Structure formats: C-alpha cells, structure tokens
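Here's the structure, in structure tokens; my notes come after.
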Amino acid sequence: MSERTRSISLTLISLVVSICLALAGLEIYLRLTSEGKVKPYAGIGIIPEITDACFEQGFLVYYAGLKGSFISSYDPELGWDFEVASDRTRGDRATGPKSRETVRVIALGDSFTWGTEVEDHETYPFHLEKALTEVHRRPAEVLNMGVGGYGIDQAVLKYLRHGKPLRPDLVILGIFPHDYDRSRLTFFTYSKPLFQFDDASGTYTLGNVPVPPPDEMYETLARKYDGTVSYAFIAVRNRLLQLFHYVLSPSDPNGYYSSTDRLVEYLLSRLRDEQDKAQAGFFIVHIPQGDFFASEQMLSKGRKEEQTVRLKRIYEKLKIPCVDLFEEFPRRFPLRTIHEEFYARGPRGATGHFSPRGNAEVARIIAEHLEAGNLLRNSNDKTSVQAAR
C-alpha cells in the first residue's frame with residue numbers, strides 16, 4: 001500500500017470514528033436527559049408529522065403526572081376543553097338567555113385569552129366586560145371561552161359547538177402567532193381534530209374525530225414508540241429532512257406556509273360568515289410574545305415573524321377588523337414598561353402570558369376600538385351591525 005493510500009485510509013477511518021463518537025455522545029446525551037424522547041423531534045415546525053411526534057412523546061413523558069387533568073378536560077370533539085362539566089366558560093356565571101338590553105360577547109382563543117397565570121377577575125375578557133358596561137352604560141357580558149393550547153382550528157370548532165348557540169352579538173378571537181402552526185397538527189397538548197383539504201370536493205373535512213380518550217391514547221402511543229430506534233438517528237434524520245425542504249424551497253419549505261395560509265383563511269372565513277349570517281360582529285386581537293418588546297431590534301424582529309406577517313395579510317384580505325398589539329402597545333407605552341409590566345415572568349426571567357396590568361390594558365384597547373369602529377351592538381340593533389361593516 002502506498003504512503004498516499006495509507007494516509008487517505010487513515011483519514012477516512014479517523015472521520016468515521018469521529019462521526020461514530022459524535023453520534024454515540026449525542027445518543028448518550030439524549031437518553032440521559034429527562035426529555036430525551038422529545039428532543040429528537042423538537043424544532044421541526046415545517047413538517048407537521050414530526051412536530052406531532054414531538055408532542056406525542058411529550059404526552060408519554062408527562063402523562064402520569066397530568067392524568068387527572070386530562071381526564072377532566074378530555075373532549076372527544078375538541079381533544080380537550082376547560083370547564084367541560086359546566087358551561088365551558090371561565091368564571092362562576094352560568095350561561096343562558098340574556099336580557100334584551102344586554103350586549104353579549106364571546107372571547108375565543110388560547111391561554112392568553114383564558115388568562116393563564118392570573119385569577120378570574122384579572123383576565124382581559126373580565127376587564128373588557130367592565131369596560132364595555134362603563135362605555136355603553138348598559139349591561140354587557142363577556143364570556144371567556146379561551147382554552148390553553150388551542151390553535152385557530154379548535155377555537156373555531158369550540159365556537160361552532162358551544163358558543164354559537166349562545167347567540168353572541170360579537171365574537172372576539174385572540175390569536176397568538178403560534179396558533180397558526182397549531183392548526184396544522186393532530187397532536188399538541190393532546191390529540192386533537194384536524195381540518196384536512198379534500199382534493200375531490202375542493203373543501204376541508206374534519207378528521208381525527210372522535211378523539212380517543214387519554215388512557216387509550218397513552219396505550220397506542222406507548223406501543224408506537226416502544227422500540228430500540230436510536231435517538232441520535234431520529235434527531236439527525238429529522239434535521240436532514242428539515243434542511244432538505246429549506247434547500248428545495250427556501251421561501252416555503254415543504255409547501256408549509258402556502259397550505260397553512262389556505263387552512264387559516266378557510267377557518268377565519270367560516271367564523272366570519274357565521275357571524276355575518278347571524279348579523280353579529282367579528283373582531284381579532286393579534287397577541288405578540290412578550291420578549292419581542294425587550295428592545296426596538298426585537299420588536300422589529302417580531303413584526304417580521306413569518307406567522308405574524310402571514311396572519312395579518314389574511315386578516316386584511318378577509319376584511320376582518322383587528323387590533324394588532326404589536327402596534328397598539330408601543331404607540332401607547334414605552335417598550336420597557338410593556339416588557340416588564342404587561343407580561344408575567346417565568347422562573348428563568350422569560351416573559352409568559354399577560355400580567356394583571358397587561359390584561360387590563362388589552363381590555364381597554366379593545367373597548368376603545370370597538371367603540372371607535374361602531375362594532376358593538378346587541379341583537380336589537382342588527383341593522384347597525386351590518387351598517388358598521
């Protein structure tokens with residue numbers, strides 16, 4: 001064997017050994033960390049099937065500790081819901097017929113609308129009811145139907161199942177940018193329905209319903225992931241798939257954004273059309289992540305976030321009135337105030353959901369826009385609602 005051949009062989013052997021050692025190290029790391037089964041699938045948002053697997057693994061890891069809450073919140077039509085045993089709304093007021101003078105509003109959305117990290121009387125729907133009563137000087141009720149972890153799809157479904165029969169005069173949908181992505185998943189906090197496009201009919205059909213109950217889902221997933229497949233192999237494979245799709249189509253990898261745009265447009269159109277038929281109002285609140293208010297640079301980054309840009313484009317296309325808190329907060333308050341006082345803080349300092357003050361300010365902003373746009377009328381003023389549109 002020539003000296004050159006020997007050198008090339010040694011180099012290849014060294015490379016192979018280095019790769020094997022790196023993969024072995026990655027394997028050990030993933031298996032030793034508490035969330036090892038989740039990490040190989042995390043961060044691949046443009047391939048919904050991989051993101052589904054990530055959350056399925058998370059469910060397997062945490063199910064034992066969350067079993068009680070999943071049983072109490074399980075819903076075969078929605079996947080999960082809050083206040084399943086009562087009226088599906090937050091707070092102690094029962095729903096039912098409203099008086100002739102009362103303006104009824106339903107607030108839909110995710111955990112920002114529900115009010116994670118604050119008490120019942122500190123959510124923005126609660127504050128909004130007070131603000132509307134003061135502004136209009138007549139009874140108003142705002143029913144909080146937000147649910148933690150919901151995408152736009154589940155929020156719309158919850159309205160069709162449980163909100164529409166209450167005949168609200170206005171629906172307010174709070175949208176956090178990640179809700180855009182959740183609408184493409186069959187699994188997030190738990191297994192959920194999914195609207196799927198049917199090429200034959202040219203419309204969407206609802207799949208993955210009824211959603212299996214928690215115990216059955218746990219057993220199914222335990223069998224699905226009960227194998228000896230290398231965690232490192234899964235992690236590397238998923239990243240290579242992600243890279244492949246970005247290289248193939250940098251602006252729209254895997255056709256992800258165009259197909260998600262189409263789904264979100266369908267969902268918002270359906271909710272808007274339902275309200276139009278009922279001669280009632282529809283309004284959107286676009287809710288940013290708190291960390292984007294840390295600086296001007298972060299604010300600029302947040303405004304350019306892909307999901308935010310696409311969502312705002314859809315709101316405008318569908319002509320749905322919207323309050324964009326990316327614009328409203330900085331127009332009224334210094335960034336430091338927003339970042340430090342409007343969002344709750346996690347144990348490591350990261351911003352969470354709205355703080356009590358943040359919720360109060362959101363409610364005030366919404367009330368001002370509703371009044372300025374003449375968007376709030378009760379069922380006795382239906383012609384006024386249509387005129388406002």
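Bear in mind that the values in this text are calculations on the coordinates, not laboratory data. Source: prediction; values computed, not measured. Reconstructed Cβ throughout: ideal geometry from the backbone, glycine too, with neighbour counts over all protein chains shown.
Data table
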| quantity | calculated |
| --- | --- |
| Cut-off 10 Å between beta-carbons: net charge of the residues surrounding TYR256, Lys and Arg +1, Asp and Glu -1 | -3 |
| Cα-projected label distance for LYS277 with ARG223, points at 7 Å along beta-carbon direction, nm | 4.0 |
| Region 205-247 - Rg (one decimal) and Dmax (whole number), Cα, Å | 15.4, 41 |
| Ranked SER295, SER251, criterion: other C-beta atoms within 10 Å, fewest first | SER251, SER295 |
| Inter-probe distance in nm under a simple model that places probes 7 Å from Cα toward Cβ, at ILE19 and ARG161 | 4.8 |
| Per-residue Cβ neighbour rank within 10 angstrom, fewest leading, ILE314, ILE175, ILE320 | ILE320, ILE314, ILE175 |
| Equivalent ellipsoid dimensions for region 125-204 as semi-axes, Å, which come from the Cα gyration tensor, largest first | 30, 15, 10 |
| Among (1) 215; (2) 141; (3) 182, the entry that matches volume of the Cα convex hull per residue in Å³ as calculated here | (3) |
| Helix-derived mean residue ellipticity, 222 nm - over the chain, DSSP H n ≥ 4, -39500 (n - 2.57), to 500 | -16000 deg cm²/dmol |
| Per-residue HN-Hα couplings for region 329-335 [Karplus 6.51, -1.76, 1.60; θ = phi - 60°; Hz; x = Gly/Pro] | 4, x, 5, 10, 9, x, 4 |
| Calculated P(r) tail over 26 Å for region 217-367, as whole % of Cα pairs | 51 |
| Isotropic mean projected area of the C-alpha convex hull, region 184-304 (nm²) | 12.6 |
| Globularity ratio of region 123-264, using Cα Rg and 2.2 N^0.38 Å | 1.39 |
| Listed residues LYS304, LYS164, LYS130, most fluctuating in the chain (Gaussian network, C-alpha, under 10 Å) | LYS304 |
| For region 108-148 and region 288-344, distance of Cα centres in Å | 20 |
| Gain in span if fully extended, ASP199 to LEU240, counting 0.36 nm per residue against the direct Cα distance | 11.8 nm |
| Global form of region 252-296, assessed from the alpha-carbon gyration tensor, a/c cut-off 1.5 | oblate |
